[in-house]
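Trainee: Below is the structure I would like to discuss, written out as structure tokens.
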Amino acid sequence: MKILANDGISQNGIAELEKSGFEVLTTTVAQEQLANYINEHKIDALLVRSATKVRKDLIDACPTLKLIGRGGVGMDNIDVDYAKSKNIHVINTPAASSESVAELVFAHLFGGARFLYDANRNMPLEGDSNFKGLKKSYSKGTELRGKTIGIFGFGNIGQATAKLAIGAGMKVLYSDPEVEQAEIELSFFDGQKVAFKLNNSSKTDLLKEADYISLHIPGQNNYVLGKAEFAQMKKGVGIVNAARGGVLDEVALIDALENGSVAFAGLDVYESEPKPEIKILMHSSISLTPHIGAATLEAQERIGLELAEQIIFLLK
């Protein structure tokens with residue numbers, strides 16, 4: 001059986017699959033050539049991340065496909081229901097990258113609270129000529145400890161973010177219509193474990209109370225944070241989106257940054273990805289990363305192994 005990992009797969013995942021008799025191809029095939037490649041090579045399983053789209057037309061064009069796998073959480077780049085209606089297995093790795101995304105959220109939060117996103121731009125330019133001026137500019141940072149983080153979406157990644165927030169001494173609010181209550185367990189290096197019980201908050205309450213907001217929801221038809229929501233937030237809030245482009249209104253975000261109602265934003269995903277708007281890329285109050293939430297060595301190894309185990313179980 002042949003597997004095409006079109007967006008890549010970790011070496012340990014490849015090794016596990018090959019040990020079970022699968023042939024793994026890691027050629028990156030352009031979207032418009034994908035159907036031809038799958039048919040020519042009689043591919044049984046297609047593995048993707050976020051770059052490759054697996055829509056109805058591709059599924060219809062590739063009768064050899066028995067499985068589609070997404071290395072990550074969200075599957076909005078796959079027509080899941082349609083694939084399943086064609087008796088094609090559809091799998092993902094919902095827990096494998098949770099900690100990696102959560103840590104990136106806090107990289108943006110810590111950097112935002114202390115202006116690192118701007119200091120790292122200006123120190124190479126002015127560090128030797130305007131050191132005292134820059135020191136004055138960046139000397140009004142704040143601590144995360146004691147502040148409230150509001151988390152939209154409380155699945156695996158939202159809960160991993162909550163764990164880091166609790167560890168940093170923050171109060172956690174979350175809003176998720178599907179999770180009325182949640183118990184968050186923190187595990188420590190010496191074997192100790194401490195559990196925290198949290199209750200779902202309304203969107204309105206979260207917006208009013210949060211000092212920082214982090215988004216962890218799948219792609220939506222409408223904005224979760226738009227002009228109306230920005231008007232309800234605390235003045236000086238910090239916002240991080242490491243979920244999906246399109247859940248945050250970037251035009252409204254720029255306006256909120258310009259009028260001071262939002263202090264800073266951290267973005268890992270973008271409405272017009274992979275070509276973010278120039279106003280976003282050049283804004284001095286936005287911390288930027290190029291959709292790398294799950295892109296740690298550890299997460300990719302977990303993703304590869306989890307995909308391999310599921311494929312072996314389903315296709316052998």
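The values are calculated or read from the model by the stated rules, or taken from the named source; none is laboratory data. Everything numeric in this text was worked out from a predicted model, so none of it was measured. Positions of Cβ are backbone-derived with ideal geometry, glycine not excepted, and every protein chain shown enters the neighbour counts. Heavy atoms of the whole protein, side chains included, go into the accessibility calculation; ligands, DNA and RNA do not. Shrake-Rupley method; radii C 1.70, N 1.55, O 1.52, S 1.80 Å.
Trainee: Return the single residue from Asp249, Asp190, Asp268 with maximal mean-square fluctuation; model: Gaussian network over the chain, springs between Cα atoms under 10 Å.
Mentor: For the chain, modelled as a Gaussian network with Cα springs under 10 Å, the answer is Asp190.
Trainee: From Cα pairs below 8 angstrom and at least 6 apart in sequence, can you work out the relative contact order of the chain, rounded to a whole percent?
Mentor: Working: 581 pairs, mean separation 58.0, N = 316.
The value is 18 percent.
Trainee: If you place +1 on the Cβ of every Lys and Arg and -1 on the Cβ of every Asp and Glu, how big does the dipole about the Cα centre of the chain come out, in debye to the nearest 20? Before the final figure, lay out each step's value.
Mentor: Values: 33 positive and 40 negative charges, 117 e Å.
Dipole about the Cα centre, nearest 20: 560 debye.
Trainee: Also: Going highest first, how would you order 200-207, 174-181 by mean Cβ packing within 10 Å?
Mentor: Most protected by this proxy first, the peptides run 200-207, 174-181.
Trainee: Need one number: % antiparallel among DSSP beta bridges in the chain, to the nearest 5.
Mentor: 15 percent
Trainee: Which order do peptides 145-158, 294-307 fall in by mean Cβ count within 10 Å, highest first?
Mentor: The peptides rank, most packed first, as 145-158, 294-307.
Trainee: Setting aside same-chain residues fewer than 8 positions from Lys227, which lysines have a Cα under 20 Å from its Cα?
Mentor: List returned: Lys203, Lys208, Lys235, Lys279.
Trainee: Would you mind computing the Rg to Rh ratio of region 1-127 from its alpha-carbon coordinates, Kirkwood style for Rh?
Mentor: Rounded to two decimals, Rg over Rh is 1.14.
Trainee: With θ set to phi - 60° and the Karplus curve 6.51 cos²θ - 1.76 cosθ + 1.60, what are the ³J(HN,Hα) couplings of region 100-112 in order, to the nearest whole Hz, using x for Gly and Pro?
Mentor: 5, 5, 4, 5, 5, 4, 6, 4, 5, 5, 4, x, x
Trainee: Please give the calculated 222 nm ellipticity per residue for the chain, where each DSSP H segment of at least 4 residues contributes -39500 (n - 2.57) and the sum is spread over every residue; nearest 500 deg cm²/dmol?
Mentor: That calculation yields -10500 deg cm²/dmol at 222 nm.
Trainee: Determine the distance separating the Cα centre of region 28-98 from the Cα centre of region 274-294; give it in Å without decimals.
Mentor: Measuring centre to centre over Cα atoms gives 28 Å.
Trainee: Then there is this: Residues of region 87-220: accessible area per residue at 1.4 Å, in Å²?
Mentor: Result: 54 Å² of accessible area for each residue.
Trainee: Enumerate lysine pairs in region 96-177 that are 8 or more residues apart or on different chains, then count those whose Cα atoms are under 26 Å apart.
Mentor: Numbers: Lys132/Lys140; Lys135/Lys147; Lys136/Lys147; Lys140/Lys171; Lys147/Lys163; Lys147/Lys171; Lys163/Lys171.
For region 96-177, qualifying lysine pairs total 7.
Trainee: Which lysines does Lys42 reach when only Cα atoms under 24 Å apart count, and residues fewer than 8 places away in its own chain are ignored?
Mentor: Those lysines meeting the cut-off are Lys2, Lys19, Lys53, Lys56, Lys66, Lys84, Lys86, Lys316.
Trainee: Please list the non-local residues whose amide H lies under 5 Å from the amide H of Ser287, H modeled 1.01 Å from N, same-chain partners needing a gap of 5 or more.
Mentor: Ala265, Gly266, Leu267
Trainee: Can I ask one more? Which percent of the Cα-Cα distances in the chain go past 24 Å? Spell out each step's value before the answer.
Mentor: Details: 28934 of 49770 pairs.
Considering the chain, 58 percent of its Cα-Cα pairs are separated by more than 24 Å.
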